[in-house]
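K.L.:
Dropping the structure in here first, questions after.
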């Protein structure tokens, strides 16, 4: 099976920065996705990395190192609305669209 | 543009009963996926439709689960008979195109199924 690990919970203060790590050991690799999910809502797409390096989108950045099987999602200038679960997912096969997910990291932003 | 919708949002049934979950993908999306999250575990893939055809059903747990996508539009996932371990949140997702650079999957809010 596929193994995708991320911390269960993280807490940070409003305005701060939080880095959510994701490590993966999969039979193949064709891209890594980060999704945000607020309680009771649909997971929403945040970022996609398939090549090594950093992708920046406003307050959110995502990094990938394929050789290390490692990614992180960086959330800057945290806002209360960023309190949510963050899901790391890997697409393992190039001809196959299904995603393999980590268990998710619950981020709590405190005032 | 309407997102992926799922019905019902919650369902509570007794062991041995039948439940049918419905997913309406984003209009024009050929790819439709079902995933499931069991309490405390990660979201796991169940199956993938391309239009009305099952492209990959490797994640379906057993033959009590039947998915259909007649006409290549909405999809249903039937569980018959339901068992306690079927409890969880069932997500549907869709993405456009049948090939090429179509990476992002758009998820619905899920159906929370409780089997008692």
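K.L.:
Among A:55, A:14, A:41, determine the one that fluctuates most according to a GNM of chain A built with springs between C-alpha atoms less than 10 Å apart.
P.N.:
Comparing A:55, A:14, A:41 in a Gaussian network model of chain A, the most mobile one is A:41.
K.L.:
While we're looking at this one, here's another question. Once both labels are modelled 7 Å past Cα along the beta-carbon direction, what's the residue B:62-residue B:10 spacing in nm?
P.N.:
Modelled inter-label distance: 2.7 nm.
K.L.:
Nearest 5 is fine: what % of DSSP beta bridges in the protein assembly as shown come out antiparallel, could you say?
P.N.:
Counting DSSP beta bridges with both partners in the protein assembly as shown, the antiparallel share is about 90 percent.
K.L.:
In a solvent-free Debye calculation with one equal scatterer on each Cα, what is log10 I(q)/I(0) for chain B at q = 0.10, 0.13, 0.15 Å⁻¹, listed in the order of the q values?
P.N.:
Cα-only, vacuum Debye calculation for chain B: -0.26, -0.45, -0.60.
K.L.:
Another question about this same structure. Of all the Cα-Cα pairs you can form in chain A, what percent are over 15 Å apart?
P.N.:
Considering chain A, 60 percent of its Cα-Cα pairs are separated by more than 15 Å.
K.L.:
Let me ask something additional. Expressed as a whole percent, how much of the Cα-Cα distance distribution for the range B:1-69 exceeds 13 Å?
P.N.:
72 percent
K.L.:
For a distance above 14 Å, tell me the whole-number percent of Cα pairs in the range A:16-68 that qualify.
P.N.:
Of the Cα pairs, 59 percent sit more than 14 Å apart.
K.L.:
Here is a further query. Taking R0 as 35 Å, what's the FRET efficiency between residue B:70 and residue A:3 from their Cβ-Cβ distance, rounded to 0.05?
P.N.:
In this case the efficiency is close to 0.45.
K.L.:
On to the next question. Antiparallel DSSP bridges in chain A: what percent, to the nearest 5?
P.N.:
If we restrict to bridges inside chain A, about 90 percent are antiparallel.
K.L.:
Set the Förster distance to 22 Å, then compute FRET efficiency between residue A:13 and residue A:55 from the Cβ-Cβ distance, nearest 0.05.
P.N.:
Efficiency, from the Cβ-Cβ distance: 0.30.
K.L.:
For the protein assembly as shown, what is the largest minus smallest coordinate of the Cα atoms on each principal axis, given in angstrom and ordered from greatest to least?
P.N.:
The Cα atoms of the protein assembly as shown stretch 48, 39, 36 Å along their principal axes.
Bear in mind these aren't lab numbers, they're just calculated from the coordinates by the rules spelled out. The structure displayed is predicted, hence computed values, not measured ones. Note: ideal-geometry Cβ built from the backbone for every residue, glycine included; neighbour counts use all protein chains shown.
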